[in-house]
Each structure stands twice: as C-alpha cells, then as structure tokens.
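Student: I'd like to ask you about the structure that follows.
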Amino acid sequence: ILDRMELPSQLLEQLAWNQDFLRAISGEEGEPARPIPAELLTTMLERGRRGEARAMLNWTARAALNLALHSLSPPVDAARLADRIFGYFGLIPFPERHLYPAAFGHLMNVYASGYYSYLLTLDRALELNERLSRPDVDPGLRRRVFESSSETELDAVAREILGRLPVRGALVRLAESL
C-alpha cells in the first residue's frame, strides 16, 4: 500500500528539481518567456544533489530510531539511543542533554506508517515520477495522484499509471546517477 500522505509530497519534491520543469517555470520579471540560463540551471541541480547522500543517511538513521523505539522493551533512554544510532551512521552528534526524540514528530503522533516508510515511499515516488514525466502520459493522472483520498485509491491510480504497483529499483537508479 502506498503512503497517501508522503507520496504526493515526494512527487512534488522530485518535480521541483526536474530540469525540464525548472526550464518551463523559469523566467524573469518583464521577460517571462526568457529561459533560465543553462549554467545557472546546471549549478542549481548540482547543488541540489550534493545534500542527497547526507539526507539519505539522516532518513535511514531516523527510520532506525523509529523502529528501535517501537521494538525495544521499556524503559529506553531515547536520547542515548538516538546518539548511538546517529553516530553509527556517521552523522553530526547531538548537543549534550538534547531531547531530539521528543522533537521527532513521527515518533509521537498518529502517523500510521512510521518514519521507516519514508525511503520506501521515495523509491515509489521516483518510479511513478519517471512514468508521469513522459509526454505521452495523460496529465490528469498526476492530478489524480494528488487528489487521492485513500491508500486504496492511490494504489489504483499507481496501477493505472504503471500497469502494476510500483516496485523497488528507482532509488537504486537515482543513486547510480549521482
């Protein structure tokens, strides 16, 4: 089942860094048809990609923290556990006496998927975006993704777009392109 809350967000994030999309929406005041200079676009896309590896490590550490806190038997020192997990992934340590887990909203609210579904949803979004970006695809399908009101409806739209539910692999293709 696709995450109805996260998938549209992931699709928009991918769209925001799509070269063709950026060209299409760029322009200057007084000259809206003037395209973004190629050098500027290249620089923007390169800088946007630089942080992706660290972001993947952060997402993975948060997923590990989420799973650990929901799997371990109490009592658990959540701040100490966060320190150990984030350190394992080579991330910048938290300040002494931090309360990071208390600020990590996915742990404390009713977000049913938990944070560990974030990277899985990114993989699904990348695959759907690959298909939705093609010129032969009905633009109404993208709109239906964003208007889906349930996971079941979103799954049906994904099946219509791809002919099946998304499968793992798009995230691997993204990593190979970096």
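Student: Scan (i) 1.70; (ii) 1.63; (iii) 1.22 for the value of Cα Rg over 2.2 N^0.38 Å calculated from this model and give just the label.
Tutor: (iii)
Student: Largest first, how would ASP123, ASP136 line up by accessible area (1.4 Å probe)?
Tutor: On the way: ASP123 10, ASP136 115 Å².
Ranking ASP123, ASP136 by accessible area, largest first, yields ASP136, ASP123.
Student: Using a 1.4 Å probe and ignoring any ligands, DNA or RNA, find the accessible area of SER9 and quote it in Å² to the nearest 10.
Tutor: Around 60 Å² of this residue is reachable by solvent.
Student: Can you give the accessible area of HIS70 in Å² (nearest 10), computed on protein heavy atoms with a 1.4 Å probe?
Tutor: 120 Å²
Student: Another question, if that's okay. Around ILE36, under 15 Å between beta carbons, what's the net of Lys plus Arg minus Asp minus Glu among the other residues? Please list the in-between numbers first.
Tutor: Details: positive: ARG23, ARG34, ARG47; negative: ASP20, GLU28, GLU29, GLU31, GLU39, GLU46.
With Lys, Arg at +1 and Asp, Glu at -1, the net is -3.
Student: Which whole-number value in Å² is the accessible area per residue of region 1-136, probe 1.4 Å?
Tutor: Values: 8790 Å² over 136 residues.
Counting only protein heavy atoms, the per-residue value for region 1-136 is 65 Å².
Student: Using a 7 Å offset from the Cα along the Cα-to-Cβ direction at both TYR100 and SER71, what is the distance between the two label points in nm, to one decimal?
Tutor: Simple spin-label model gives 1.8 nm for this pair.
Student: Sticking with this one: On the protein heavy atoms, probe 1.4 angstrom, tell me the percent of accessible surface of region 1-114 carried by carbon and sulfur.
Tutor: Numbers: 4430 of 7800 Å².
Answer for region 1-114: carbon and sulfur cover 57 percent of the accessible area.
Student: Write out the GluC sites (Glu not before Pro) in region 14-102 meeting two conditions: DSSP loop, and at most 16 other Cβ atoms within 10 Å of their Cβ. Could the numbers behind the result be given before it?
Tutor: On the way: sites: GLU28, GLU29, GLU39, GLU46, GLU52, GLU96; in loops: GLU29, GLU96.
When the GluC sites (Glu not before Pro) of region 14-102 are filtered for loop state and at most 16 Cβ neighbours within 10 Å, GLU29, GLU96 remain.
Student: Separate question: Give the accessible area for LEU162 in Å² (nearest 10); use a 1.4 Å probe, count only protein heavy atoms, and leave out ligands, DNA and RNA.
Tutor: Result for LEU162: roughly 40 Å² accessible.
Student: Right, something else. Sticking with the crude label model, points 7 Å out along Cα→Cβ, report the distance from PHE21 to MET44 in nm, one decimal please.
Tutor: 1.2 nm
Student: Counting only other residues whose beta carbon sits under 14 Å from that of TYR100, what net charge do I get with K and R as +1, D and E as -1? Intermediate values should be presented prior to the final figure.
Tutor: Details: positive: ARG62, ARG80, ARG84, ARG97; negative: ASP77, ASP83, GLU96.
That works out to +1.
The values are calculated or read from the model by the stated rules, or taken from the named source; none is laboratory data. Every value quoted in this text rests on a predicted model; they were computed, and no experiment measured them. Cβ: placed from backbone, ideal geometry, glycine included. Neighbour counts: every protein chain shown. Areas reflect the complete protein model, heavy atoms only, side chains present, ligands, DNA and RNA absent. Shrake-Rupley method; radii C 1.70, N 1.55, O 1.52, S 1.80 Å.
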